[in-house]
């Protein structure tokens, strides 16, 4: 009997030991602490939980051990595996695996030779857009769609009620007739005044853009000028209030009258054929020589005029960066299969630099490394070769060497492009070359719509973009220039 009880007790003891082992194994617990601790302070850790993974380059190297509330944010304690060596100068960011995925801490490896020691507080880097913000935007968008659907239902119900009566049918018929008549009148007016309306709209857009950009500065400058004039400062102020300034201006006008008399004397000499200009005007041989020189200039301009010129500009909105990137381009084609492309690019990430600053947290000074970006104007100068449906480009692309290829469809209205440049970058988040793919559709030979993906080889900088632009050919430019000359 005792032997049976001993066997039962031994079986229970083994079951308890196995259950304890499985609990520690599945829960990731250990009897002794392994690895080392690092700290990072985030302004907001919404969605981040204890035991969330810590990754570097997509590889898990530890977990979140503890989250504490500190002044100005939340301090996250990271438990890093003992075999992982991190270099100083790195940073950490909150990331998410997809739109609704779990949050985790991503570490960006530093580029210094010194290794990070236990207890160091890492610098924070810009993470991805907050999940709460994205879901809030999606919820708001769904609410707006629901309101639009309700309004459409009310409109349809009212429209159906109108059609049930004879009077309503007649009213709708009259409305349609009037709308057609009004539309025909508008079409006739627009077709007759299309050129004038286009010039007026262009001038109005140019004027409003100038006021939008320079209006405040212009108003401020006018205010300062009027204040200085009222106080007697400057030339205008002295002219209004200072008698001596008025006397000087009067004397200058007298001198101007004398100068005009000298000009009259010179014109009289020219009419008599005296001097170089007089001989040029009155001497036939001088006229013949000048005419020959002008013919040479005309021949040179004629050769330049054979260049096919395209001028365009477009803007791309980068969805991930939430920035606008602008392009202004000029294409010169001396032959149908050869062209030169010149571009000025307003790049929101034109200049990337690393800055260090000293931060003190809980009495412990740490050096934080931050990545700064500045908007900068870049330039491209490319030589292009065109085959029937294929094109190649090579040269300077946004201040660095680059290459590109284009595929053309539907009489060049559809174009697929792929560009590669910036093979060596100072941006630590862009270690690979910059690869960009663009799909473009051209409407009415002037309006361009485009979309694609930039920074395909760099996951930290990868972004979708969409854009729109305008393109003008030789005939368009001649029309605009002649219209401006007529005005």
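Which residues, taken from segment 421-442, are over 19 Å from residue 371 (Cα atoms) and either within 18 Å of the chain's Cα centre (by Cα) or not assigned by TED's automatic domain parsing to the domain that holds residue 408 (or both)?
421, 435, 436, 437, 438, 439, 440
Any idea which of 292, 367, 300 is within 30 Å of residue 43 (Cβ to Cβ) and modelled with pLDDT under 85?
On the way: 292 fails: within 30 Å of residue 43 (Cβ to Cβ); 300 fails: within 30 Å of residue 43 (Cβ to Cβ).
Being within 30 Å of residue 43 (Cβ to Cβ) and modelled with pLDDT under 85 holds for just one of 292, 367, 300, which is 367.
Name the residues in segment 187-206 that are in contact with a helix residue (DSSP H, G or I) (Cβ under 8 Å, 6 or more places away or on another chain) and at pLDDT 80 or above, would you?
199
Just checking, how many residues over segment 45-63 are in a loop (DSSP other than H, G, I, E, B) and either without any contact (Cβ under 8 Å) to a residue 12 or more places away in the chain or more than 34 Å from the chain's Cα centre (by Cα) (or both)?
Pass one, segment 45-63, residues in a loop (DSSP other than H, G, I, E, B): 45-52, 57-58.
Narrowing further to those that are either without any contact (Cβ under 8 Å) to a residue 12 or more places away in the chain or more than 34 Å from the chain's Cα centre (by Cα) (or both): 49-52, 58.
Adding up the residues that qualify gives 5.
Can you name the residue in segment 430-461 that is assigned to a loop (DSSP other than H, G, I, E, B) and touching a strand residue (DSSP E or B) at 6+ places or on another chain (Cβ under 7 Å) and is also surrounded by the most Cβ atoms within 10 Å (Cβ to Cβ) among such residues?
Per the criteria, the residue is 455.
Pick out the one residue from 407, 382, 358 that is surrounded by 15 or more Cβ atoms within 10 Å (Cβ to Cβ) and either modelled with pLDDT under 85 or not in a loop (DSSP other than H, G, I, E, B) (or both).
Exactly one residue qualifies, and that residue is 382.
Which one of 46, 35 is over 26 Å from residue 458 (Cβ atoms), modelled with pLDDT under 90, surrounded by 11 or more Cβ atoms within 10 Å (Cβ to Cβ) and out of contact with any strand residue (DSSP E or B) (no Cβ under 7 Å at 6 or more places or on another chain)? Give the steps one after another, and end with the answer.
Numbers: 35 fails: out of contact with any strand residue (DSSP E or B) (no Cβ under 7 Å at 6 or more places or on another chain).
Within the list 46, 35, the selection yields 46.
Go over the candidates 405, 320 one by one and state the one that is in contact (Cβ under 8 Å) with a residue 60 or more places away in the chain, within 26 Å of residue 441 (Cβ to Cβ) and in the same structural domain as residue 457 (by TED's automatic domain parsing).
Details: 405 fails: in contact (Cβ under 8 Å) with a residue 60 or more places away in the chain.
Being in contact (Cβ under 8 Å) with a residue 60 or more places away in the chain, within 26 Å of residue 441 (Cβ to Cβ) and in the same structural domain as residue 457 (by TED's automatic domain parsing) holds for just one of 405, 320, which is 320.
Need the failing condition index for residue 334 against (1) under 20 Å from residue 434 (Cβ atoms); (2) assigned to a strand (DSSP E or B), just the number.
Residue 334 satisfies all of (1) under 20 Å from residue 434 (Cβ atoms); (2) assigned to a strand (DSSP E or B) except (1).
The values are calculated or read from the model by the stated rules, or taken from the named source; none is laboratory data. Note that the coordinates shown come from a computational prediction; the quantities given were computed from them, not determined experimentally. Ideal geometry is used to build each Cβ from the backbone, glycine not excepted, and the neighbour counts take in all protein chains shown.
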